[in-house]
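The values are calculated or read from the model by the stated rules, or taken from the named source; none is laboratory data. What you see is a predicted model; the values in this text were computed from it and never measured. No Cβ is skipped: glycine too gets one built from the backbone with ideal geometry, and neighbour counts run over all protein chains shown.
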Amino acid sequence: MPERPGPGAGSVVAAELLKLRSLPAVSVTIATTAVLTGLLTLAVSASDGAAIPPLAVVAQVMQYGQIGVVLVGLLAATSEYDDRQIVTSLISVPQRLLLAGAKAIACVVAVTVASALTVAAAHLAVVNRFADTPGTDIATGAVGSICYLTLLAMFGHGVGLLLRGTIPTLIVILLLAYVASPLLGRVGDYLPGKAGSQLYQSTPTVGLSTVVLVAWAVATLLAATTLFLRRDAA
């Protein structure tokens, strides 16, 4: 009797997107991050008056807005381990490489949406000040910020697949970004949280630090996928 063919790549990706869309924690995190980022941008802008250019205010706030976007990325990896639904997923899609790839694609979509909403909220909070700074390249700064947040969130996704738990993953990422990076000086500039930060500055640039952030994301995702293919489901 011939084996029944497994699900196609498109249907697996669609299923993973549906999972993320129906996960309350993801929707709440995306909405909360955008709202809080906008409010924090307003607060920083009001406290500094006109002393700091609007894009510099946005860059300051991105250091905190990134937490929520990274949380979306790691939730896309860890939510099924927290409630052991990963076993059901593997029964439905036994091709582990296909499932890991579909999860990564769905995560890219989710974190890109989260990044775009977060960046848009920050820019809208200071939109009235852009008239005072003619010649400001708003679009380039926004695209750079979205790219940075997406890359960092995909790093978080990879760490989530490695550690298979929301809290441990969040602790590791926060320690890297907010403890290790400041303490290690120049070395810390190449850790996630600092690496690639030129992308969301007032004048975004792509340099070695950005390449390092891409390398962190790719290496973590490759390591996580390798382990996902080899170890027990849960």
| note | Across the stretch 87-115, the tally of residues that are touching a Leu at 6+ places or on another chain (Cβ under 9 Å), more than 30 Å from GLY141 (Cβ to Cβ) and of a type outside the set (Lys, Arg) stands at 8
| query | Is it true that some residue in the stretch 119-126 is under 22 Å from VAL212 (Cα atoms) and modelled with pLDDT under 90? | reply | no
| If you take the residues of the stretch 87-130 that are over 16 Å from the mean Cα position of the chain (by Cα) and of a type in the set (S, T, N, Q), which of them is surrounded by the fewest Cβ atoms within 10 Å (Cβ to Cβ)? | ASN128
| task | Scan the stretch 61-69 and give yes if some residue there is farther than 20 Å from LEU152 by Cα and either polar (S, T, N, Q) or modelled with pLDDT under 95 (or both), otherwise no. | result | no
| task | Scan the stretch 18-52 for residues that are among the hydrophobic types (A, V, I, L, M, F, W, C), crowded, with 17+ Cβ neighbours inside 10 Å and not in a loop (DSSP other than H, G, I, E, B) and report the count. | result | 8
| Do you know which residues across the stretch 182-225 are exposed (fewer than 14 other Cβ atoms within 10 Å of the Cβ), polar (S, T, N, Q) and without any contact (Cβ under 8 Å) to a residue 24 or more places away in the chain? | THR205
| message | With the structure loaded, tell me whether ILE167 is over 12 Å from the mean Cα position of the chain (by Cα), in a helix (DSSP H, G or I), modelled with pLDDT of 85 or more and more than 24 Å from LEU40 (Cα to Cα) or whether it fails that test. | response | yes
| said: Would you confirm whether or not the stretch 78-86 contains a residue that is assigned to a helix (DSSP H, G or I), touching a residue at least 24 places away in the same chain (Cβ under 8 Å), within 17 Å of the chain's Cα centre (by Cα) and crowded, with 18+ Cβ neighbours inside 10 Å? | reply: yes
| Residue tally, condition under 21 Å from MET62 (Cα atoms) and buried (at least 24 other Cβ atoms within 10 Å of the Cβ), over the stretch 160-172 | 1
| query | Taking the stretch 181-234, which residues are modelled with pLDDT under 90 and in contact with a Pro (Cβ under 7 Å, 6 or more places away or on another chain)? | reply | GLY188, GLN198, SER202
| said: Quick check on LEU55: is it surrounded by fewer than 19 Cβ atoms within 10 Å (Cβ to Cβ), part of a helix (DSSP H, G or I), touching a residue at least 40 places away in the same chain (Cβ under 8 Å) and out of contact with any strand residue (DSSP E or B) (no Cβ under 9 Å at 6 or more places or on another chain)? | reply: no
| said: Under 7 Å between Cβ atoms, which residue pairs at least 6 apart in sequence (or on different chains) link something in the stretch 25-36 that is closer than 15 Å to TYR64 by Cα with a partner that is of a type in the set (Ser, Thr, Tyr) and part of a helix (DSSP H, G or I)? | reply: THR33/THR118; ALA34/THR118
